[in-house]
Amino acid sequence: MKNEWSELTPDEKREKRFQRWLAPEGIDFVSPEAEKKYKESVSRLIQAINLEAPDRVPVSVGTGYIPATYAGYTVKDVTYDASKTFDAWTKFANEIELDTLPSPGMIPCGQAYDLLDIQMYKWAGHGLPDNQSPQYVEKDYMREGEWEYFLADRADYHVRTYLPRTCGATKALSKLPPLGSLGVFAPGMDAFLDPEVLAAFKALGEAGTLSTAWRQKLTELERQLKALGLPPFQILVRGGAPLDNIGAFLRGTTGTITDMYRYPDLVHEYMERAIPEAIESSIKTADMTGVPVMLMPLHRGADNFMNEEQFKTFYWPYLKRVMLGQIEEGLVPCCFAEGSFTSRLEIVSDFPKGKAIWHFDQTDMKKAKEILGDTVCIMGNVPVSLMVTGKPEDVTAHCRELIETAGRGGGFVLAPGATTDDAKVENIQAMVAAAKTFGVYN
């Protein structure tokens, strides 16, 4: 009998992770019916991942902030008050039938963001109206001429350059001498006596305390929602396609495009280093949450962002290696393909069978089923516009057609194309009902 994790095969690791997902630790279900519902939902998802046909098509709805508005709160309310988050998500979970947990995990701690004066986002109560979800502020937080510095000493770069640009409260950290030069008796230690530097570290410590307490409250909320019979499904993990890291956190869209032409060797060097970091982050996330499905949003791989040769050179080889590394550890990569990936389908079809999920936003699902249906589980793509402006009968008709096309033979999860902050609750209910009515496998 193999006991050591390192001695297990990838399939054996995955089976252990699936079993932990099916029987979550520390959850006392509110009733036998809730436990039955939880296990049935997870079992459906596992069968879909394995390209099998469960009893019916599973449904996953990224509800965003809908539970807040459903309960009569604003986005600002639940960003600054955990008790209102508890109330809203509990009410929604008890009153709206879902297959999976409507996770509040992406809600930031407003007080911590305020304290640090985060520059990378705007949020309700800080640059945005009270009822608008957070928005990313894209900029070149790493300047064009800083690639060598960044790659040579990422820790120093992060503390003395990146943090001062992305957190207003830490601007003074740019006064510090190079971190590698510091020592007990080394010159430059007096920089830590600077009142502004001391204030920056104090702000980081206070924000860390606030964020930790906030995460603990949301973790308890998710534990209670699990006890109602709602399993978590996709866990957001940082990493995915390394080129997206460059675009999202470092150079922005314009800078990323420029660097692909001007500094391709440096871009490739960064992406090589990013692969093991992304895999390790996924392992830690899965170990902590007990959920094996790793959600990786793909921002810049869409049809209209780069040509096929660029996709084959800068995007897919690195994303594929991250995915294969996750699979080696028993994880299930879930690629959220934002926009359309229709022209990428043949390229990404070169992949092990039954090991991953592709969540499509605007991709042609008929082609996705034809090209990928025997290789990976596919998911999506009910239009967000339909969920927001359509009538329930329109949603029902679209879901039926999608189930009959993409759900044929199994390996399909019904879902909106993207998170639906403004979707009508009755349209969410129509989607779930459509899966139960038209998604039953004989």
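The values are calculated or read from the model by the stated rules, or taken from the named source; none is laboratory data. Nothing here was measured: the structure is a model prediction, and the numbers come from that model. Cβ: placed from backbone, ideal geometry, glycine included. Neighbour counts: every protein chain shown. Only protein heavy atoms, including side chains, enter the accessible area calculation; ligands, DNA and RNA are left aside. Shrake-Rupley method; radii C 1.70, N 1.55, O 1.52, S 1.80 Å.
Descriptive notes on the structure:
- Given (1) modelled with pLDDT under 95; (2) over 21 Å from the mean Cα position of the chain (by Cα), index of the condition ILE107 fails: (2)
- On inspection, LYS76 does not qualify as assigned to a strand (DSSP E or B), closer than 23 Å to LEU236 by Cα and open to solvent by 30 Å² or more (accessible area, probe 1.4 Å).
- LEU163 fulfils the conditions (1) within 22 Å of ASP117 (Cβ to Cβ); (2) at pLDDT below 95 except for a single criterion, (2).
- Qualifying residue in region 90-100 (condition: in a helix (DSSP H, G or I), closer than 20 Å to ALA418 by Cβ and hydroxyl-bearing (Ser, Thr, Tyr)): no
- ASP77 being touching a strand residue (DSSP E or B) at 6+ places or on another chain (Cβ under 9 Å), over 29 Å from VAL388 (Cβ atoms) and not β-branched (Val, Ile, Thr): no
- Applying the condition of being under 23 Å from TRP358 (Cβ atoms) and in contact with a helix residue (DSSP H, G or I) (Cβ under 8 Å, 6 or more places away or on another chain) to region 23-54 and asking which residue is surrounded by the fewest Cβ atoms within 10 Å (Cβ to Cβ) yields SER43.
- When residues in region 224-261 are screened for being part of a helix (DSSP H, G or I), open to solvent by 40 Å² or more (accessible area, probe 1.4 Å) and out of contact with any helix residue (DSSP H, G or I) (no Cβ under 8 Å at 6 or more places or on another chain), 4 of them pass.
- Of all residues in region 416-442, those satisfying the criterion of being of a type outside the set (Val, Ile, Thr) and assigned to a helix (DSSP H, G or I) are GLU426, ASN427, GLN429, ALA430, MET431, ALA433, ALA434, ALA435, LYS436, PHE438.
- Scanning region 412-441 for residues that are more than 21 Å from the chain's Cα centre (by Cα) and of a type in the set (Phe, Trp, Tyr) yields a total of 2.
- Residue count, region 180-215 (criterion: part of a helix (DSSP H, G or I) and either open to solvent by 90 Å² or more (accessible area, probe 1.4 Å) or among the aliphatic types (A, V, I, L, M) (or both)): 18
- Of the criteria (1) among the basic types (Lys, Arg); (2) under 30 Å from LEU22 (Cα atoms); (3) not in a helix (DSSP H, G or I), which one LYS139 fails: (2)
- Flag for PRO177 being within 23 Å of GLY110 (Cβ to Cβ), surrounded by 13 or more Cβ atoms within 10 Å (Cβ to Cβ) and without any contact (Cβ under 8 Å) to a residue 24 or more places away in the chain: no
- Residue within region 36-50 that is under 17 Å from VAL291 (Cβ atoms), touching a residue at least 40 places away in the same chain (Cβ under 8 Å) and in a loop (DSSP other than H, G, I, E, B) present: yes
- Some residue of region 298-313 being closer than 25 Å to VAL413 by Cα, in contact with a strand residue (DSSP E or B) (Cβ under 9 Å, 6 or more places away or on another chain) and among the hydrophobic types (A, V, I, L, M, F, W, C): yes
- When PHE311, PHE360 are checked against the criterion of being crowded, with 24+ Cβ neighbours inside 10 Å and without any contact (Cβ under 8 Å) to a residue 60 or more places away in the chain, a single residue qualifies: PHE360.
- Considering region 80-95, the residues that are closer than 17 Å to GLU222 by Cβ and within 23 Å of the chain's Cα centre (by Cα) include one that is surrounded by the most Cβ atoms within 10 Å (Cβ to Cβ), namely TRP89.
- Check on LYS84, of a type in the set (Lys, Arg), under 21 Å from THR209 (Cα atoms) and part of a helix (DSSP H, G or I): yes
- Meeting the requirement of 1 or more residues that are among the acidic types (Asp, Glu), the helices (runs of 4 or more DSSP H) wholly within region 357-415 are 365-372, 392-406.
- Some residue of region 284-294 being under 21 Å from ALA418 (Cα atoms) and either assigned to a strand (DSSP E or B) or open to solvent by 30 Å² or more (accessible area, probe 1.4 Å) (or both): yes
- Qualifying residue in region 160-169 (condition: touching a residue at least 24 places away in the same chain (Cβ under 8 Å), assigned to a loop (DSSP other than H, G, I, E, B) and touching a Phe, Trp or Tyr at 6+ places or on another chain (Cβ under 6 Å)): no
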